[in-house]
1. Look through the range 190-225, keep the residues that are of a type in the set (D, E, K, R) and out of contact with any helix residue (DSSP H, G or I) (no Cβ under 7 Å at 6 or more places or on another chain), and return whichever of them is nearest to Phe138 (Cα to Cα).
2. I need a count of the residues in the range 75-120 that are under 28 Å from Phe148 (Cα atoms), away from the ligand (no atom under 16 Å from the Cβ) and hydroxyl-bearing (Ser, Thr, Tyr).
3. Can you tell me which residues in the range 353-371 are within 12 Å of the ligand (Cβ to nearest atom), in contact (Cβ under 8 Å) with a residue 24 or more places away in the chain and outside any loop (DSSP other than H, G, I, E, B)?
4. Report, by residue number, each residue of the range 406-441 that is assigned to a loop (DSSP other than H, G, I, E, B), among the polar types (S, T, N, Q) and at pLDDT 85 or above.
5. Go through the range 315-352 residue by residue and tally those that are within 9 Å of the ligand (Cβ to nearest atom), surrounded by fewer than 18 Cβ atoms within 10 Å (Cβ to Cβ) and of a type in the set (A, V, I, L, M).
6. Sort through Asp93, Asp15, Asp97, Asp60 and tell me the only one that's at pLDDT below 95 and of a type outside the set (Val, Ile, Thr).
7. I need a count of the residues in the range 126-160 that are assigned to a strand (DSSP E or B) and more than 10 Å from the ligand (Cβ to nearest atom).
8. Those residues that are assigned to a helix (DSSP H, G or I) and basic (Lys, Arg), I need them from the range 318-352; list them, please.
Amino acid sequence: MVNKKAVQLENFSIDNEKTAPLTTNQGLKVSEDEFSLKAGLRGPTLIEDFHFREKMTHFDHERIPERVVHARGVGAHGIFQLYESLVEYTRADFLTDISKTTPVFVRFSTVQGSRGSSDTVRDVRGFATKFYTDEGNFDLVGNNIPVFFIQDAIKFPDFVHALKPEPHTEIPQGASAHDTFWDFIGQNHESAHMVMWAMSDRAIPRSLRMMEGFGVHTFRLINADGEAHFVKFHWKPLLGVHSLVWDEAQRIAGKNPDFHRQDLYEAIEKGDFPEWELGLQIIPEKDEFKFDFDILDPTKLWPEEEVPVKIVGKMTLNRNVHNFFAETEQVAFHPGHVVPGIDFSNDPLLQGRLFSYTDTQLSRLGGPNFHQIPINQPVCPFHNNQRDGIHQMTIHQGQTSYHRNGLNANQPEPEPVELGGYESYQEKVEGRKIRGRSESFLDFYSQAKLFYNSLAPFEQQHLKDALSFELGKCRSDMVKNNAVALLNHIDRQVAEEVAGNIGAELPEENLEVKSDKKSPALS
Ligand code: HEM
């Protein structure tokens, strides 16, 4: 089976070791690369030395901005193979045609730390997959935890500012043990569920090969008849889910900050290819309001007992990158990269993400043509009437670059859908313009409690130890007390133990309250 992406990337590759002799960027053979051109052997270097200037200038501009979040990551190539056709649910070609093998590129990441931070810190892990399908790129930009900290994208800059190193000290660089993070959590009880996952062993994975992945948001699948189902995407590792213990994680962080990336690289090099099965949870449109949580709320998961995970295919990572910068660093994922048969829901976190990714990549990757970078190119033809822009690499031929022209054939694919044009799902939407959140988003604690109760006793102890360690590092009593007040809504015994360990106030028992905020009244 030909891997179209591998073939495409090969066409952009140069083997530096086999490409001789050394030339300048203008193709001029270089006779000497150790000594600059000088006026006399002990004299000053001459500005005329174009070879020195070119070499130094390029070096001076080697760095690009790191990602604003998920800066530290590692990537690998692979393939996705479908087990059974999902034609009942979607018209997406890579989810219906079992004869197809779809090339993929995956980037795993930590969220908080900078590019040079350590791999085994306590953090959420990013798990982003680009499927190079014959109908365009589909990006599943997920995490290793099935829920998120906030419900509305407008809070994301605040959340990240609280999570990142504090601005006056740039401390801490690789952990959540600080006042601003816990201040945010204590003031935003919608984070209750996610913070329990983040303090659990899930946030210190043994290996990237041993993590689950979750799309988190509710998406839609649309079949050829235009019928929609809600869907959540899951990756299940065939090696199972395994974690470090906190002491191991800390020691490894000090002794080998590259522990996870090295583990992934070496496993693939020796042919021990990591594999994940793709699972779908599917809810028919008619059942949208059947649950005691809102299926649009990204702080809630769909319990697998209520909505079973249907295993539909397998991903195998079988090839390391040739060049970290060209591939892993320059890859640009976007939850808005969808293909026909996959559409969005009105999850307010997802809706905001749809804006953020291209926007950040415009500055991270320098202008509007980063889709032409080899790792980002689809394997199917792509062309439209966009033109010019910084770093334009394509020579578009012909006279026209506008829609509704009579001179060429570069037009949108009209109906019917069989011709391939992407059709947004025609959901009926009506409402008054209002800032606020639905009442159905206000139960912050039930699933946090459910998660805690699902853990084995030793896992519960690890979680309480993690909370005590992290909160014990906070300087502000107010921050500690607020965090314990949040825990008090989730589990009394957890609140008691943590409060005792960190010397915080224990509030009255108060487990009945389900949320800390009212939604604004519609007048
Ligand atoms: C990376 C924004 C929530 C998963 C990023 C980046 C931004 C961003 C700006 C950097 C992208 C780049 O430079 O290429 C947001 C916003 C969110 C949000 C505004 C909420 C409103 C989430 C959630 C998930 C997630 C809920 C998981 C489901 C990721 C991953 C990456 C990433 C995996 C790294 C992608 C890579 O490896 O290149 N996000 N994010 N994000 N985000 Fe989000």
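The values are calculated or read from the model by the stated rules, or taken from the named source; none is laboratory data. Note that this is a predicted model, so its numbers are computed, not measured. Neighbour counts are summed over all protein chains in view; Cβ atoms, including those assigned to glycine, are modelled from backbone coordinates with ideal geometry.
1. Per the criteria, the residue is Arg220.
2. Counting residues in the range 75-120 that are under 28 Å from Phe148 (Cα atoms), away from the ligand (no atom under 16 Å from the Cβ) and hydroxyl-bearing (Ser, Thr, Tyr) gives 4.
3. Scanning the range 353-371 gives Arg353, Phe355, Ser356, Tyr357, Thr358, Thr360, Gln361, Ser363, Arg364, Phe370.
4. Ser424, Gln426, Ser438
5. Residues that pass the stated criteria total 0.
6. One residue alone meets the criteria, Asp15.
7. Count: 7.
8. Across the range 318-352, there are no qualifying residues.
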